[in-house]
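Only one structure is covered here, and it is reproduced in the block below.
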Amino acid sequence: MKLTNEKIEEIRAAINIVDIVSGYVPTLRKRGANYTGLCPFHQDTHPSFSVSAQKQIFKCFACQESGDVFKFIMKIKNVSFIEAVKEVADEAGIILEFRESRSEEYYDENEKLYDINESAAEFYSASLISNPEENPGFTYLKKRRLKKEMINHFRLGYSSTAKKALYKYLTAKGYDPEIAVTLGLLGKDTSGEYYDKLPGRVIFPIFSTNGRVIAFAGRSLDPNVKAAKYINSPESPIYYKSNVLYGLFQAKEHIRSEECVILVEGYMDLISLYQNNIRNVVAVSGTAFTESHARLISRFTKNIYLLFDSDSAGIKGTLRSLDPLIKFGMNIRVITLPEGEDPDSFVNNQGEKAFRDRIKNAVDFLEFQFSVYERESPEADPFKVSEMIRRILRPLTVMPDELMRESLIKSVAKKFDLRESTLFREFDKLLEQTQREQTRRKLPEGEPQEEVKNKSSLPEISKESIIAEKEILTLLLNSTPEVIEFVIDSLVAGEFQIAIHKKVYEKMREVFHEYNEISVPTLLSKFSDKEAIQFVTDISIEKYSISDRWRELLPEKRNDRSAVLRNVMDAIRKLKLSKLEHSLKKLIAKTRSAANDEEKAGIMMEIAEINRNRAAILTEMAESRGE
């Protein structure tokens, strides 16, 4: 599906990014010209996430995620550009009409990744169901008591032991094998030969919330294999492990209807429960449970049941999941199973009714902690008891609901027959400790370091030159068409010394010539590389402050048209002067290594020409100041 550029801009203009983001970032608050809150893309403890209503962009100064409203939806929901546009259009009440031509300028590059994954899923599925009686993958799934309906519903597959089966299939369809390497479908050895990355494994496709194949997990069938039992796809532009829960696409409507979700550890646990009519189930996908997972679940329900294995690893997994869930105000209960059982074995052996009885008997997370820590420290050792109480209280320091927190602290006091006042004092200490840790993680204020790449490749460029170039680019994002045109007519891209500055300026010229203005979202849409996107977002959201002189040129200060243009011209002259001085230093250095007098004389002529140009610019600057 392809969208016209005009339709993209219409959708972008019809929505306020603040309204969209606030639905996912409950901590978003107005601070000055921008909105700040806890970043939804990493475990943020100090508000480092900023949204500009004026520029219609977002930026996290900790993890560096940035972009416009479409990029936000792509990242937060793990969907393609087209799907993000559709969602924003729905919010804006705009009906979309798609074109089918791949030449359309807004063809999403990520579509290629989805296409390859879809083809791989079809290949794996066909490999599983062909000649099932002799297929090791089919035999394994049959042994695990999975019915054909479930195999089809979750699109399970099999990767044969042939080393290049998938490689031949994908290349025959015209796909670039390098992209398949990026997706973890193929590997590449030292001789440059491609090979299948998941041979001899049962394949579990992993879906986005909207049902698109974004990754795979492969389960080995060889008990003697030295590799891991499960291999998961690496992260890619369409797959972020912390933003994905396995089975959510199949379970989301059941979660809404039952008003709760069950979180399990394994793919087979989930599918076995689903087969036994327990369908509001999700699983983590090749990673630990994170705040991003908790945030994703909270979009569908506030009620969660944790169901991990009954062994020590499962108990630890349950305890680790508590903090992010508590932080998002989830109502947490824990389902326990008999020792030696896991969800897959229990539901297959005992059936749906027995499992639903376990759900009814689930305990709240506080009771679960009590039982776990009491088993660890059965003797009444005062030191161990006090440590156990602190471990129980510590997760409550991130709980947003103060009434609930107070009630739970009272429950802990009652459980251990302690005075409530004693527990509240201890909790206050833990809370203060948590806040200190958050403060220590706060990013330092002040001028950020220049890009290492730029400084290492161009160490002789002065700090003043870097600032001058950056200030001109910042001004262009805040100026009227008249000022922008004045700058563009007076300054060529070659006069920028920093590569990223030159690249951004060229795109600014392109955007202005097309739209007679430079909007940040439109400018961002012109870039595909992260460095440029990050730089544009940085200067537009005022991470780099502009000088007081430049602030006088911003739209709200531009009453004196002649003064504005005079100061702009003065800044352009300074940038040009800086470029000349940079060239002069390089030429002087060359004179020291000149091979002969003739070469040296040629260099001296160039130096003389630069000095004449410098003198002319300095004269113009003096005249503009009335000197």
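What follows draws every value from the coordinates through simple rules; no lab data is involved. Owing to the predicted nature of the structure, the values given are computational and were not obtained by experimental measurement. Glycine gets a Cβ as well: all are built from the backbone with ideal geometry, and neighbour counts include every protein chain shown.
Axis angle, to the nearest 10 degrees, between helix 420-440 and the longest C-alpha principal axis of the chain: 40 degrees.
In deg cm²/dmol, rounded to 500, what helix-only [θ] at 222 nm does the chain give when every DSSP H run of at least 4 residues adds -39500 (n - 2.57) and the total is split over its residues?
Numbers: 27 runs with 333 residues, N = 627.
Mean residue ellipticity, 222 nm, calculated: -16500 deg cm²/dmol.
Here the label points at Arg299 and Ser462, each 7 Å from Cα along the C-beta direction, are separated by 5.0 nm in the simple model. Charge tally for Arg29 (other residues, Cβ to Cβ under 15 Å; Lys, Arg +1; Asp, Glu -1): 0. The candidate values are (1) 33.4, 107; (2) 43.2, 127; (3) 30.3, 97; the one derived from this structure for Rg and Dmax of the Cα atoms in Å carries the label (3). Note on region 132-203: semi-axes of the ellipsoid equivalent to its C-alpha gyration tensor, largest first and rounded to whole Å, are 27, 13, 10.
Rounded to whole numbers, the Karplus 3J(HN,Hα) couplings from phi for region 258-264 are 8, 6, 6, 9, 10, 9, 10 Hz, using 6.51 cos²θ - 1.76 cosθ + 1.60 with θ = phi - 60°, and x at Gly and Pro. Put simply, the amide H of Asn303, placed in the peptide plane, has neighbours under 5 Å in Val261, Asn331, leaving out anything fewer than 5 places away on its chain.
Amide H contacts under 5 Å for Val281: Ile262, restricted to partners 5 or more places along the chain or on a different chain, H placed in the peptide plane at 1.01 Å from N. Taking amide H as placed 1.01 Å from N in the peptide plane, Arg201 has its amide H under 5 Å from the amide H of Ser159, each at least 5 places away in sequence or on another chain. Neighbours of Ile271, meaning other residues whose beta-carbon lies under 15 angstrom from its beta-carbon, give a summed charge of +3 when Lys and Arg score +1 and Asp and Glu score -1.
Expressed as a rounded percentage, what relative contact order does the chain have, with Cα pairs under 8 Å and six or more residues apart? Could the numbers behind the result be given before it?
Values: 830 pairs, mean separation 61.6, N = 627.
This gives 10 percent for the chain.
Let me know the volume per residue of the alpha-carbon convex hull for region 5-92, in Å³. Could you put the intermediate results ahead of the total?
On the way: hull volume 7.8 nm³, N = 88.
So the per-residue hull volume is 88 Å³.
Peptides 187-194, 235-242 ranked from most to least packed give 235-242, 187-194, packing being the mean of other C-beta atoms within 10 angstrom over each peptide's residues. Annotation: peptides 405-416, 217-228, 67-78, ranked by per-residue average of other Cβ atoms within 10 Å with the highest first, follow the order 67-78, 405-416, 217-228.
Rounded to the nearest 20 Debye, what is the dipole magnitude of region 5-92 about its Cα centre when Lys and Arg each give +1 and Asp and Glu each give -1 at the C-beta? Show your work: numbers first, answer last.
On the way: 11 positive and 11 negative charges, 76 e Å.
I would put it at about 360 debye.
Over region 484-532, one equal point on each Cα, no solvent: what is log10 I(q)/I(0) by the Debye formula at q = 0.17, 0.19 Å⁻¹? The Cα Debye sum returns log10 ratios of -0.48, -0.60.
May I ask you to order 387-399, 295-307 by the average number of other C-beta atoms within 10 Å around their residues, highest value first? The partial results should precede the final answer.
Details: 387-399: 18.3, 295-307: 20.5.
In decreasing order of mean packing, 387-399, 295-307 become 295-307, 387-399.
Within the straight-line cut-off of under 21 Å between alpha carbons, the lysines reachable from Lys143 are Lys229, sequence neighbours fewer than 8 places apart in one chain being disregarded. Taken over region 110-239, the percentage of Cα pairs per 5 Å bin, counting from 0 up to the bin with the maximum distance, is 2, 11, 22, 25, 21, 13, 6, 1, 0.
Averaging the sequence gap over all C-alpha pairs within less than 8 Å and six or more residues apart, then dividing by the number of residues, gives region 474-537 a relative contact order of 31 percent. Of the residues Ala84, Gln275, Gly247, the one whose Cα sits farthest toward the positive end of the charge dipole of the chain, with +1 on the Cβ of Lys and Arg and -1 on the Cβ of Asp and Glu, is Gln275.
How high is the FRET efficiency from Lys384 to Asn131, r the C-beta distance, R0 45 Å, rounded to 0.05?
Values: r = 59 Å, r/R0 = 1.32.
That gives a FRET efficiency of 0.15.
Simple point charges give the picture: +1 on the Cβ of Lys and Arg, -1 on the Cβ of Asp and Glu, and for region 110-239 a dipole about the Cα centre of about 620 debye. Couplings for region 478-484, taken from phi via the Karplus curve 6.51 cos²θ - 1.76 cosθ + 1.60 with θ = phi - 60°, read 10, 10, 6, x, 4, 5, 4 Hz in order; Gly and Pro are left as x.
What length, rounded to one decimal in nm, is gained on full extension from Asn5 through to Glu193, with 0.36 nm per residue of separation minus their alpha-carbon distance?
Values: separation 188, 0.36 × 188 = 67.68 nm, distance 4.04 nm.
Answer, rounded to one decimal: 63.6 nm.
Can you tell me how much longer the chain between Thr619 and Glu514 gets when fully stretched, taken as 0.36 nm per residue apart minus their C-alpha distance, in nm with one decimal? Walk me through the intermediate numbers first.
Details: separation 105, 0.36 × 105 = 37.80 nm, distance 3.56 nm.
Contour length minus Cα-Cα distance gives 34.2 nm.
Taking 8 Å as the Cα distance limit and 6 or more residues as the minimum spacing, I'd like the relative contact order of region 245-438 as a percentage.
Working: 245 pairs, mean separation 34.5, N = 194.
Result for region 245-438 is 18 percent.
Considering the dipole of the chain built from charges on the beta carbon (Lys and Arg +1, Asp and Glu -1) around the Cα centre, which of Ile533, Pro521, Phe61 is farthest to its positive end? It is Phe61, whose Cα lies furthest towards the positive end.
Here are some pairs, Lys241/Lys384; Lys7/Lys112; Lys7/Lys55; Lys148/Lys302; Lys55/Lys112; which of them have Cα atoms lying more than 27 Å apart in this structure? Spell out each step's value before the answer.
Working: Lys241/Lys384 37 Å; Lys7/Lys112 22 Å; Lys7/Lys55 19 Å; Lys148/Lys302 33 Å; Lys55/Lys112 30 Å.
The answer is Lys241/Lys384; Lys148/Lys302; Lys55/Lys112.
Lys410 to Arg256: FRET efficiency via 1/(1 + (r/R0)^6), r the Cβ-Cβ distance, R0 30 Å, to the nearest 0.05? E(calc), rounded to 0.05, equals 0.35.
Quick one: putting +1 on the C-beta of Lys and Arg, -1 on the C-beta of Asp and Glu, what dipole do you get for the chain around its Cα centre, in Debye to the nearest 20?
Numbers: 93 positive and 96 negative charges, 230 e Å.
For the chain, the charge dipole is close to 1100 debye.
For Ala595 and Arg31, the FRET efficiency from 1/(1 + (r/R0)^6), where r spans their Cβ atoms and R0 equals 56 Å, is about 0.40. Computed from backbone phi, the HN-Hα couplings of region 400-411 come to x, 8, 5, 5, 4, 4, 4, 4, 5, 4, 5, 5 Hz, rounded to whole numbers (Karplus: 6.51 cos²θ - 1.76 cosθ + 1.60, θ = phi - 60°; Gly and Pro given as x).
Which net charge results when you count Lys and Arg as +1 and Asp and Glu as -1 among the other residues whose beta-carbon is under 13 Å from that of Asp189? It would help to have the intermediate numbers written out before the result.
On the way: positive: Lys163, Lys164, Lys188, Lys197; negative: Glu193, Asp196.
For residues surrounding Asp189, the net value is +2.
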